[in-house]
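Report on the structure given below.
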Amino acid sequence: AALVEATSNGTLLESELAAVRATLLEKSNELENITNQYDELEARLVLQSHTSELEEAKSGLSTTQAALAVAMNERTLLQSELNTLKATLLNKSNELEGITAPYKELKETAKHLNDKLKTT
């Protein structure tokens, strides 16, 4: 009876582990997407910075000041988006840690059950 119960518990744990693995894969993909968005925004910020510098070199002072003001506003908006993505990335990382903790517990329980099965 103990063997049947341990086997049943082991099957249940395997099922739970599979669900946790699927969730981990999904969260990993979400983190990868966020990281890609972060990289794209960072590249846009660099491009905007270089564009602003070129405008200043090509144009007169008043024209350059107007272009620079627009660029600074865009940069502020992009920086805000970047900060939002950083916060989202941190939240997803924390979610992933929260998902990983039960997986580690399930792994330990499965090991304990395997050890218990070996001794019976």
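Listed by chain and number, the aspartates and glutamates placed with their C-alpha closer than 17 angstrom to that of Lys86 are Glu30, Glu32, Asp39, Glu40, Glu42, Glu95, Glu97; residues fewer than eight positions away on the same chain are left out. The angle between the Cα long axis of helix 2-58 and the main principal axis of the chain comes to about 10°, on a 0 to 90 degree scale.
Accessible area per residue for segment 55-120 is 74 Å², calculated with a 1.4 Å probe on protein heavy atoms, without ligands, DNA or RNA. Placing R0 at 41 angstrom, the Cβ-Cβ distance between Leu78 and Lys107 gives a FRET efficiency of 0.45 after rounding to 0.05.
If you roll a 1.4 angstrom probe over the protein chains with everything in place, what fraction of the accessible area of the chain belongs to carbon and sulfur, to the nearest %? Walk me through the intermediate numbers first.
Values: 4860 of 8590 Å².
Taking all protein chains in place, the chain shows 57 percent carbon and sulfur surface.
The values are calculated or read from the model by the stated rules, or taken from the named source; none is laboratory data. Not measured: the values here are computed from a predicted model. So basically every Cβ, Gly included, is an ideal-geometry build from the backbone, and we count neighbours across all protein chains shown. Accessible surface is based on the protein model in full, side chains and every heavy atom, while ligands, DNA and RNA are left aside. Shrake-Rupley method; radii C 1.70, N 1.55, O 1.52, S 1.80 Å.
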